[in-house]
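All remarks here apply to the structure that follows.
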2 protein chains.
Amino acid sequence: MKIVDGGVCAVNGVLAAGACDDDYGVAVIVCKDSDSTAVFTSNKIVAAPVILTKNAVENGKLSAVVANSGNANCFTGDQGIEDGKAMASVVAEELDFKFEDVAVASTGVIGRLMPMDIIGSLIKKAVLRLENSAEASKNAAEAIMTTDTYSKEFAVETTLKNGKSIRIGGITKGSGMIAPNMGTMLCFITTDVKASSSELNTALKKAVDASFNMVVVDGDESTNDTVILMANGESGESIDENFEEALEYVCCQLASMMAKDGEGATKFMEVEVNGAVNTEEARLAAKAVVSSSLVKTALFGADPNWGRIVAAVGYSGADIDPKVVSVSLQSLNKRVDIVDHGIIAAFEGTSQLEEAEDIMEEKNIRIIIDLGLGNGNATAYGCDLSYDYVSINAEYTT
Amino acid sequence: MKIVDGGVCAVNGVLAAGACDDDYGVAVIVCKDSDSTAVFTSNKIVAAPVILTKNAVENGKLSAVVANSGNANCFTGDQGIEDGKAMASVVAEELDFKFEDVAVASTGVIGRLMPMDIIGSLIKKAVLRLENSAEASKNAAEAIMTTDTYSKEFAVETTLKNGKSIRIGGITKGSGMIAPNMGTMLCFITTDVKASSSELNTALKKAVDASFNMVVVDGDESTNDTVILMANGESGESIDENFEEALEYVCCQLASMMAKDGEGATKFMEVEVNGAVNTEEARLAAKAVVSSSLVKTALFGADPNWGRIVAAVGYSGADIDPKVVSVSLQSLNKRVDIVDHGIIAAFEGTSQLEEAEDIMEEKNIRIIIDLGLGNGNATAYGCDLSYDYVSINAEYTT
């Protein structure tokens, strides 16, 4: 597997474009006649585009996605549905696609009607710019940014078991309302494999569970989350396990980017839980630690207050026995054991505590917890809780 | 029911005292030969004093509680158990109580051994100061403070159905690691009713469910939470429904004080959910809203971003139908409907949105959500998420 440039346009035959004004952005991605699938928010309040895109992918086919930032088109009633349909219609008409082959996605403020004159003209502008290039993918990724500080793309080329190469490319946006079961996140992934919608769905669900469902910025689950996977079959190759592995890798990379660019984040944390009773409990434990406000503020303050880590595992619902638990901290160059099989190694005055303090000063911190009870493993991705998170969110709509 | 002074000492026969140095505090409360009960954290990592106090109340009898701040005595192994026992022993010996009639509680940093020389001498100092006075209760309440900015006491006198008066008094401490199922909170309640331990347990669990289990500061559930209820029978009166109601009222008042004094809090919110399918769903919805980082930062920024309120209910697990939901904001003097049976009333440019902005500027804000689906009601208590929360917790141990 090798990393390649080009985001969604790393895949042959995919076109992309973005168009923005000061308040709104529109991205269009064309992946013609693709077998497609999607995964959505589990929030019971869902935005109009989620309802529409659920319908659109039901027959397993898509040719394009149109997405806007600046307005979530959520809690907007019948008018919201009409506006979402209008977005898809513009793309369908301009490109001569069937209306039901165009997916829609939105991100932004909840409870405001869409400014359809602006959005409509941005869509038309984007359609005119469609092309297969790294720049086009980047423009699309930029157009769907809200409080993101940089655009997020990732693509790989991987070799299938039969020796043939295929590609997977994706763009995504964060960066607030990010919780397990996806935050306000939109992610569009393209690939040139040949696969049925249901094969793609199995692979996507598995990849999303290990990636986007393991990212926490603030624990608020959005009303608009959407991950779409479109396979145009250009390579002529069918999917196999190598494809699934590469898809999970792409999703994990995009998920890490979201965590790193979490609202106000100054630090990135990966929390690895090993030795849980099973995978589900490992995930519960890892997510509790990345979600903990007290762990997040300790990270921000470079404070090796490991008691908060253990306490978070304790309330996660996962089984834990204090007598066998181990906790380590790791940065790029260092690793230190804080608790070793229930015995505290990093007491006050020890070199271990000093090393722990050094690691907590780093930008990228890995917290490794071994519960010592079984074979369940999981990794969750998160960031610190900073003054800037408060400031960004205290003044978002006004 | 009338509010009275004196905290735990509002109850006849109760003695209290506090003793502090710069880093640690000790409170002793004596409620001799009391029928007693207690409720504890559900965190799977529990501190030594929780283990000891569970044993102590098992026979339904207590004569005293000794509590310290500055060290949680958690993740301290066998030595922690010995230290907790030593705390109880000092009180038992000095006051000639049975060792097993003394409950222990601790709050502070996790994973450090107790400084038993200091704690031991503070206990002896406190025991010498024991008396039945409002000042003594206040001293005890002050001694268990950690990041609290003021001490928390509340007491009432209520009339039973037979016309006789009884009293209930309590002290508590917050103010971080406060989550549903109790945060780092200690609460000691005294009363002069006559009741069995199991009657008290039923009443206490009901009161805690409606009060301390509905408070969220940061969603981190502590390893040390303990609520103890001691009834010395001085009034000679048995409990009835009026007692239960008064106990719930005292617990709700103490819970509100914790939320108001949440770490870094500049504002207090009550979230009232009506019309849920049942009480359990009403509680889920109310707790999701007070827990939401995005609602909390909107409160801090006085931003009437009601979409975040609706989104939080949406992911709470409670049933919600956007077509029938209503949301209102209320301050002391004002109330404004934001969403009325699914129709947005507070659009941009409306007087409703202006009023909503005015209300969000207030110190005490009530968010009222009617789900329009059933008869389930609940109220949760919380606070905003401010720069100071981050600063307090970024630099707690170091």
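Return P(r) of the protein assembly as shown (all Cα-Cα pairs; 20 Å bins starting at 0; whole %; ordered from short to long distances).
The distribution over the protein assembly as shown is 17, 45, 29, 9, 0, given as percents.
When chain A is turned about an axis onto chain B, which of its residues keeps its C-beta closest to that axis, and how many Å is it?
A:Tyr387, 3
For B:Asp78, place a label point 7 Å out from Cα along the Cα→Cβ vector, do the same in each other copy, and report the separations in nm, one decimal, smallest first.
B:Asp78 label point versus its equivalents elsewhere: 7.5 nm.
Report, in deg cm²/dmol and to the nearest 500, the calculated mean residue ellipticity at 222 nm for chain A, where each DSSP H run with n ≥ 4 adds -39500 (n - 2.57) and the sum is divided by the residue count.
Details: 11 runs with 133 residues, N = 398.
Only helices count here, giving -10500 deg cm²/dmol.
Debye calculation, C-alpha points only, no solvent: report log10 I(q)/I(0) for segment A:1-145 at q = 0.12, 0.13, 0.14 Å⁻¹, in the same order as the q values.
For the requested q values the scattering log ratios are -0.44, -0.52, -0.60.
Taking chain A as the reference, fit the longest principal axis to its C-alpha atoms, fit the long axis of helix A:279-291 to the helix C-alpha atoms, and give the angle between the two in degrees, 0 to 90, nearest 10.
90 degrees
Would you kindly state how much longer the chain becomes between B:Ser351 and B:Thr149 on full extension, computed as 0.36 nm times their sequence separation minus their alpha carbon distance, in nm to one decimal?
Length gained between B:Ser351 and B:Thr149: 69.0 nm.
Compute the length gained on full extension between A:Glu135 and A:Met116: take 0.36 nm times their separation in residues and subtract their Cα-Cα distance, giving the result in nm to one decimal. Show your work: numbers first, answer last.
Numbers: separation 19, 0.36 × 19 = 6.84 nm, distance 2.65 nm.
Additional length available on full extension: 4.2 nm.
Return B:Ile168, B:Ile365, A:Ile3, A:Ile359 ranked ascending by Cβ neighbour count within 10 Å, so the fewest neighbours appear first.
Details: B:Ile168 28, B:Ile365 20, A:Ile3 12, A:Ile359 24.
In increasing order of surrounding Cβ atoms, one gets A:Ile3, B:Ile365, A:Ile359, B:Ile168.
Between B:Asp21 and B:Ile343, what is the FRET efficiency for a Förster distance of 56 Å, r being their Cβ-Cβ separation, to the nearest 0.05?
0.40
Mind checking the dipole of segment B:268-394: about its Cα centre, +1 per Lys or Arg Cβ, -1 per Asp or Glu Cβ, Debye to the nearest 20? Don't skip to the end; give the middle numbers.
Details: 9 positive and 19 negative charges, 69 e Å.
Roughly 340 debye, rounded to the nearest 20.
Hey, what's the Cα Rg ratio for segment A:268-394 versus the globular rule of thumb, 2.2 N^0.38 Å? Present the calculation step by step, with values, prior to reporting the outcome.
On the way: Rg = 13.9 Å, N = 127, 2.2 N^0.38 = 13.9 Å.
Ratio of Cα Rg to 2.2 N^0.38 Å: 1.00.
Determine ³J(HN,Hα), in whole Hz, for all residues of segment B:145-151 in sequence, where each value follows from phi through the Karplus function 6.51 cos²θ - 1.76 cosθ + 1.60 and θ = phi - 60°; x replaces Gly and Pro.
3J(HN,Hα) across segment B:145-151, in whole Hz: 5, 10, 8, 4, 9, 8, 7.
Suppose each label sits 7 Å from its Cα in the direction of the beta carbon; what would the B:Asp78-B:Ser238 distance come out to in nanometres?
The two pseudo-label positions are separated by 4.8 nm.
At each listed q (0.08, 0.11, 0.13, 0.17 Å⁻¹), what is the log10 of I(q)/I(0) that the Debye formula gives for segment B:2-258 modelled as equal alpha-carbon point scatterers?
-0.25, -0.48, -0.69, -1.26
Counting Lys and Arg as +1 and Asp and Glu as -1, each charge on the Cβ, what is the dipole of the protein assembly as shown about the Cα centre in debye, to the nearest 20?
With only Lys, Arg, Asp and Glu charged at Cβ, the dipole is about 660 debye.
On C-alpha positions alone, give me the angle between the axis of helix B:241-260 and the longest principal axis of chain B, in degrees, nearest 10.
For helix B:241-260, the angle is close to 70 degrees.
Please state the charge dipole magnitude for chain B, taken about the Cα centre, from unit charges on C-beta atoms (+1 on K and R, -1 on D and E), reported in debye and rounded to the nearest 20.
Numbers: 31 positive and 58 negative charges, 98 e Å.
So the dipole magnitude of chain B works out to roughly 480 debye.
At a threshold of 8 angstrom on Cα-Cα distance, excluding pairs fewer than six apart, so keeping six or more, what relative contact order does chain B reach in percent?
After rounding, I find 18 percent.
Using R₀ = 25 Å, calculate the FRET efficiency as 1/(1 + (r/R₀)^6) where r is the Cβ-Cβ separation of A:Lys32 and A:Asn364; round to 0.05. Let's see the in-between values first.
On the way: r = 39 Å, r/R0 = 1.57.
Computed FRET efficiency for A:Lys32 and A:Asn364: 0.05.
Given B:Thr266, B:Ile144, A:Ser326, which one lies farthest toward the positive end of the charge dipole of the protein assembly as shown, if we put +1 on the Cβ of every Lys and Arg and -1 on the Cβ of every Asp and Glu?
Sorting the options by dipole projection puts first A:Ser326.
So which GluC sites (Glu not before Pro) in segment A:324-398 are both in a DSSP loop and have at most 16 other Cβ atoms within 10 Å of their Cβ?
On the way: sites: A:Glu348, A:Glu354, A:Glu355, A:Glu357, A:Glu361, A:Glu362, A:Glu395; in loops: A:Glu348, A:Glu361, A:Glu362, A:Glu395.
Listed in order of number, the matching sites are A:Glu348, A:Glu361, A:Glu395.
Which whole number gives the average count of other chain Cβ atoms within 10 Å of the Cβ atoms across peptide A:41-47? Please report the intermediate quantities before stating the final value.
Details: counts 3, 3, 8, 12, 11, 2, 1.
The per-residue average across the peptide is 6.
Give the distance, in whole Å, between the Cα centre of segment A:204-243 and the Cα centre of segment A:1-75.
Cα centres, segment A:204-243 to segment A:1-75: 12 Å.
Using Cβ contacts closer than 10 Å as the measure, can you line up B:Val109, B:Val193, A:Val390, B:Val46 from fewest to most? Show your work: numbers first, answer last.
Values: B:Val109 16, B:Val193 28, A:Val390 25, B:Val46 21.
So the residues, fewest neighbours to most, are B:Val109, B:Val46, A:Val390, B:Val193.
How do A:Lys323, A:Lys173 rank when sorted from fewest to most other Cβ atoms within 10 Å of their own Cβ?
So the ranking, lowest neighbour count to highest, is A:Lys323, A:Lys173.
Bear in mind that the values in this text are calculations on the coordinates, not laboratory data. Being a predicted model, the structure only gives us computed values, none of them experimental. No Cβ is skipped: glycine too gets one built from the backbone with ideal geometry, and neighbour counts run over all protein chains shown.
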